[in-house]
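Step one of this worksheet: look at the structure below.
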Amino acid sequence: MAADQGGPLGGVGKTALGVAAVRAGESRRPDRLFDDPYAQAFLDAAPGVLPDEPVSERDLAVWGPMASLGAVFYAHGVLRTRFFDDYLLAATAAGCEQVVLLAAGLDTRAFRLAWPDEVRLFEVDLPDVLNFKQRVLADQAARPRCERVIVPADLRGTWSPTLVAAGFQETVLTAWLAEGLLIYLSADETAGMLTTVGELSAPGSHLAFEHGGMATDSLLARARTVPAMSEYTALWQGGLGPDAPGWLADHGWHVRIHDRAALDASYGRPDPGAASGGFLTAVRT
Ligand code: SAM
C-alpha cells in the first residue's frame, strides 16, 4: 500500500511519519530507549512520502550540513518518546484509567506498553492519519494491549462531544498527552484545546506536553533557514510558547517542569545539540 503525497499523510499528517522514522531508527539500536515494532511498517507503507534521508545517529555523518540539525531532532524525538512512555505508565499506575493521546499520529503505545488491565486508551487525530494508521496496523495483525478507541477529530474545533460519544467519561481519572502537537497550533487554538481538556478532567487527572527549548531556541531559527525544512517549518505556529506553565497554573493545574539536560543524563543519552527546555507535566487540582 502506498500513501500518495497529497493524501493521508500530506500536510501536518506527514509529520507523524517523521516521528515514526525516528522511532524506527531508535528501535534498531542495541541500546534503544524503547522498541516500536510498527514504526518501520508505517514507513514501508508510505514510500516516497519522506525524503530519503538517514534518521539514525549512525548515518548522520553523511547528512551534510543538516547533520547536526537532524541529530538534534532525532535525539529530541527519542527522549520525548521515552519520557512520555514513563509518564503514561506512571499516571496509569497512579490510578488514571483513561489515556487520551491528543494528536496520536502513528504512536503505537497502545500496542507496545504494558498497561494496567483497566486502561482504556483514546487516540485523537485527523481522520486521514487514523485511516492510514488503521490500515497499516491491520496489515501487521497488531493487537492492542489495552482497550483502544480511535477518535477522528480536528483539535482546533469542537471535539469533546466526539470523544465523549466514543466512550470517554469525565468522572474517570485521565492521563492526557499532547506530544508533538502544540507547535502546530496557534496560541488561541492551544488555549481552546487545553480549556476543553480542563473541562473534561476530573481532579487528579494528568497532562503532559513538551515545553520550551525546541519552540524558542536558535535550533528552530536555524531550521527555518534550511530549504528542505520549509515544508515543516511553515506549519509551525508555536502553541502557547513560554507562557504554558503560567497559563495552566491560572486554569486549575499544578505544573511541574522536567529539565531536558537532567533527563538526558538519567537516560544515558548525551544531547548532541545542547537544546534547552524539556517537558511539562501537570495534575488537575
Ligand atoms: N503525537 C504523535 C507522536 O508523537 O508520534 C504525532 C506527532 S506528529 C509530529 C503531529 C500530529 O498532530 C500529526 O499526527 C497530525 O495529524 C496531528 N495534528 C496536527 N494538527 C491537528 C489537529 N488540528 N487536530 C488533530 N490532530 C492534529
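The values are calculated or read from the model by the stated rules, or taken from the named source; none is laboratory data. The structure presented is a predicted model; accordingly, all values stated were derived computationally and were not measured. Neighbour counts are summed over all protein chains in view; Cβ atoms, including those assigned to glycine, are modelled from backbone coordinates with ideal geometry. These accessible areas exclude ligands, DNA and RNA; they are computed on the full protein's heavy atoms, side chains included. Shrake-Rupley method; radii C 1.70, N 1.55, O 1.52, S 1.80 Å.
Quick look at the numbers
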{"read-out": "Cα centroid separation - the range 121-150 against the range 11-29, whole Å", "value": "16 Å"}
{"read-out": "Accessible surface, 1.4 Å probe, highest first, among residues Asp139, Asp271", "value": "Asp139, Asp271"}
{"read-out": "Distant-in-sequence amide H partners of Val149 (H built 1.01 Å from N, under 5 Å)", "value": "Leu121, Phe122, Glu123"}
{"read-out": "Two-decimal Rg/Rh across the range 12-284, once Rg and the Kirkwood Rh are taken from alpha-carbon atoms", "value": "0.93"}
{"read-out": "Spacing of the two label points (7 Å from each Cα toward its C-beta) at Asp35 and Gln237, in nm", "value": "3.9 nm"}
{"read-out": "Rg over Rh, two decimals, the range 55-197 (C-alpha only, Kirkwood Rh)", "value": "1.00"}
{"read-out": "Per-residue ³J(HN,Hα) for the range 265-272, Karplus 6.51 cos²θ - 1.76 cosθ + 1.60, θ = phi - 60°, Hz, x for Gly and Pro", "value": "5, 5, 8, x, 10, x, 7, x"}
{"read-out": "Amide H partners (placed H, <5 Å) of Gly180, local residues excluded", "value": "Glu210"}
